[in-house]
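Q: Here you go, one structure.
Taken together, the values in this text are just the output of simple stated rules run on the coordinates, not laboratory data. Quick caveat, the model's predicted, so the values are computed rather than measured. Here the Cβ is made from the backbone with ideal geometry for all residues, glycine too, and neighbour counts use every protein chain on show.
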Amino acid sequence: MNKFKKSKEIKKIKKIHFMLFFIAFIIFIFLSFQNEEDILKKLDENVTFESIHYTGTLEIIRNNNKIIKTFECWAKNDLFLIIFKNPEDNGVKYLKKDGNLYVYFPSADDVLTISKSMMKQGFMGSDISNEDITRNRKLLDDYSIVSFNKIIEKDNIFYELTLQAKTKDVPYFMQKLIINSDFVAIKTEQYDLAKRLVKTIIVDEIKKFGSRYYPVKVTIQDGIKTSYKTIFSITDVSFNIPIDPKIFTIQNLYNK
């Protein structure tokens, strides 16, 4: 009786193993037949949003020195508001509205408009440019796919894509991406018009929000100064929430 019961249990375990293998195989096959535009579209779906709210930290590393800045961010479509909380920058606010970037300095109680010539400068001295933080556009809208390669490594699928700008109205002429099976670009290399490496972005941590996979910690490495990098991390993230449009006004920057 015991032998019969044991044999039945072994068959049951084998059946479970077979089902798990079958499911994994189907997922593997499904991912294998994704074309390059599908992959980029799914990546865009992960990282673009109607609205978002989060708390952020910038760790700016310059050789052996580290500066830490903390802030809170609200964004809706092409609008965003960032308020810094760390003691050195407490009350400094960034507002993007109507394609323009404004900065409020509480010490002067004044608002400065960031000019186009300053858009490539580092956001608050970091390796993220002012131009980077103002964009919430889909890669498929701005770039064409010029090369595509599929990598299978230890039963994991990765996709290598090289993108080239459709117009000059983008921060980077070319981008090289490695995308994982959750459609997150775990590594991005960004190049200028002369095809010189400007920066490398490595995703250190990813979290799932509903059906969305989103990077919550990334390292941005300067392409020339190898001892310069910025670690950007976010917590308390909420997507597609109601946000009062009144906060995205210049008048609101003056509010304490």
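Q: Okay, which of segment 66-83 sit inside 20 Å, backbone N to the point 7 Å along the Cα-Cβ direction of Asp244?
A: 72-83
Q: Count the net charge of all other residues whose Cβ sits under 11 Å from the Cβ of Ser144, scoring Lys and Arg as +1 and Asp and Glu as -1.
A: Numbers: positive: Lys166; negative: Glu36, Glu37, Asp141, Asp142.
That works out to -3.
Q: Let me ask something additional. Once the piece of chain linking Val237 and Lys166 is laid out straight, how much longer is it, given 0.36 nm per residue of separation minus the C-alpha distance between them?
A: On the way: separation 71, 0.36 × 71 = 25.56 nm, distance 3.19 nm.
This chain segment gains 22.4 nm when fully extended.
Q: Counting only helical runs of four or more DSSP H residues, what would the 222 nm mean residue ellipticity of the chain come to if each run contributes -39,500 (n - 2.57) and the total is spread over all its residues?
A: Values: 5 runs with 55 residues, N = 256.
Helix-only estimate at 222 nm: -6500 deg cm²/dmol.
Q: Report the net charge of residues surrounding His53, where surrounding means a beta-carbon distance below 9 angstrom and charges are Lys +1, Arg +1, Asp -1, Glu -1. Each step should come with its number before you reach the end.
A: Working: positive: none; negative: Glu72, Asp236.
My count for the surroundings of His53 gives -2.
Q: If you project the alpha carbons of segment 65-170 onto their three principal axes, what span does each projection cover, largest first, in Å?
A: So the three principal-axis extents are 54, 33, 27 Å.
Q: Okay, next question. How large is the dipole of segment 46-143 about the Cα centre if only Lys and Arg carry +1 and Asp and Glu carry -1, each at its Cβ, rounded to the nearest 20 debye? Could the numbers behind the result be given before it?
A: On the way: 13 positive and 14 negative charges, 22 e Å.
It works out to roughly 100 debye.
Q: Please report, in debye to the nearest 20, how large the charge dipole of the chain is about its Cα centre when each Lys and Arg carries +1 at its beta carbon and each Asp and Glu carries -1 there.
A: On the way: 40 positive and 32 negative charges, 293 e Å.
With Lys and Arg at +1 and Asp and Glu at -1, about 1400 debye.
Q: Quote the convex hull volume per residue of segment 91-146, based on C-alpha atoms, as a whole number of Å³. Let's see the in-between values first.
A: Working: hull volume 5.9 nm³, N = 56.
Cα-based convex hull of segment 91-146, divided per residue, equals 105 Å³.
Q: How much length is gained if the chain between Asp98 and Asp78 is pulled fully straight, taking 0.36 nm per residue apart and subtracting their Cα-Cα distance, in nm to one decimal? Present the calculation step by step, with values, prior to reporting the outcome.
A: Numbers: separation 20, 0.36 × 20 = 7.20 nm, distance 0.80 nm.
Stretched out fully, the Asp98 to Asp78 stretch lengthens by 6.4 nm.
Q: Quick check: residue separation of Ser211 and Lys150 times 0.36 nm, minus the Cα distance between them. What number comes out in nm?
A: Working: separation 61, 0.36 × 61 = 21.96 nm, distance 2.34 nm.
The span from Ser211 to Lys150 would gain 19.6 nm if fully extended.
Q: Between the helical axis of 2-32 and the dominant principal axis of the chain, each derived from Cα atoms, what acute angle in degrees is found, rounded to the nearest 10?
A: Roughly 40 degrees between the two axes.
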